[in-house]
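K.L.:
Mind having a look at this structure? Questions to follow.
What follows draws every value from the coordinates through simple rules; no lab data is involved. It should be emphasised that the depicted structure is a prediction, and the values quoted were computed from it without experimental measurement. For neighbour counting, all protein chains shown are included, and Cβ atoms are generated from backbone atoms with ideal geometry for every residue, glycine included.
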Amino acid sequence: MAKTKRAYVCNDCGADFPRWQGQCSACGAWNTITEVRLAASPQVARNEKYAGYTGSAEGVVQTLQDINLQEVPRLSSGFKELDRVLGGGIVPGAAILIGGNPGAGKSTLLLQTMVGLAHHFPTLYITGEESLQQVAMRADRLGLPKDKLKLLSETGVETICQVAKKEQPKIMVIDSIQVMHVAEVQSAPGSVAQVRESAAALTRYAKQNNVAIFMVGHVTKDGSLAGPKVLEHCIDCSVLLDGSSDSRFRTLRSHKNRFGAVNELGVFA
Ligand SMILES: [Zn+2]
């Protein structure tokens, strides 16, 4: 029988501890630490897990001079404002978090972007919240061409990675990260542990396969993004889309960007 491992994770910052404590020693919050059960992973899963973040699972050592310094060409999203906020386009292998309150138009923006990109690159849109019909209806309403973009309705990260290995997309959307789950974490989708492990697994996939992944993240009422700090250490770029559904304008702002300046602002009508 598989043995279950326990960990104690802070719901605010995502720090983990070997035993329960009343106050998180990482962020100082009280009563935020909950128990998380991790299924004992078989050896294969362990190897997968510890395979390099940057892709070289074989552990190839190089000298500095062997490393290609040529800047990776960025892919244009087709939206000038989005490109600018991302620091000049989409970097292959980047994990990008698009946050925003429900109704801010994250899915609409990404659907429009992906439909445009699908004419130039293989793309894959993973919908975990809306059905395929709902996504198709939105594309219809927006008058978008529907012949190129590939869709998948799935919330299991392992299945998503398997499908992606087959489909070989260059750019992927995960809508949303809050409904994703990995099998080895035995807590409910949406919990800090699931969101964190799902984002980490998808980021690993992005790096190893040089795929840019956009992850949609809903901001909760108190303004936190299922604990933004939970995700911030594993993603490359965090962008927040602001605006209510009755306003005509939306602003897009970068909070963290490994590949460009932060606090770049884009305005959409
Ligand atoms: Zn904490």
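K.L.:
Mind giving me the nanometre distance, one decimal, between the label points for Asn31 and Leu132, set 7 Å out from Cα along Cα→Cβ?
P.N.:
4.6 nm
K.L.:
By average Cβ neighbour count within 10 Å, what is the ranking of 134-147, 112-125 from highest down?
P.N.:
Top to bottom by mean Cβ count within 10 Å: 112-125, 134-147.
K.L.:
Now, a different point. Can you give me the long-range amide H partners of Thr123? Hydrogens built in the peptide plane at 1.01 Å from N, cutoff under 5 Å, separation of 5 or more residues or another chain.
P.N.:
HN-HN under 5 Å from Thr123: Lys150, Lys170.
K.L.:
What residues have an amide H closer than 5 Å to that of Ile33, excluding those fewer than 5 places away on the same chain, when H is modeled at 1.01 Å from N in the peptide plane?
P.N.:
Close amide H contacts, sequence-distant or interchain: Asn11.
K.L.:
Here's another thing I want to ask about it. For region 80-268, please report how many Lys pairs fall under 19 Å Cα to Cα, leaving out neighbours fewer than 8 apart on the same chain.
P.N.:
19
K.L.:
Next up: Could you give each residue of region 190-200 its phi-based ³J(HN,Hα) in whole Hz, using Karplus coefficients 6.51, -1.76, 1.60 with θ = phi - 60°, and x for Gly or Pro?
P.N.:
So the J values, rounded to whole Hz, are x, 6, 4, 4, 5, 4, 5, 5, 5, 5, 5.
K.L.:
Can you bin region 88-223 into rounded, prolate or oblate? Criterion: square roots of the alpha carbon gyration tensor eigenvalues sorted a ≥ b ≥ c, rounded for a/c under 1.5, prolate for a/b above b/c, oblate for the rest.
P.N.:
Oblate, since a/c reaches 1.5 and b/c is not below a/b.
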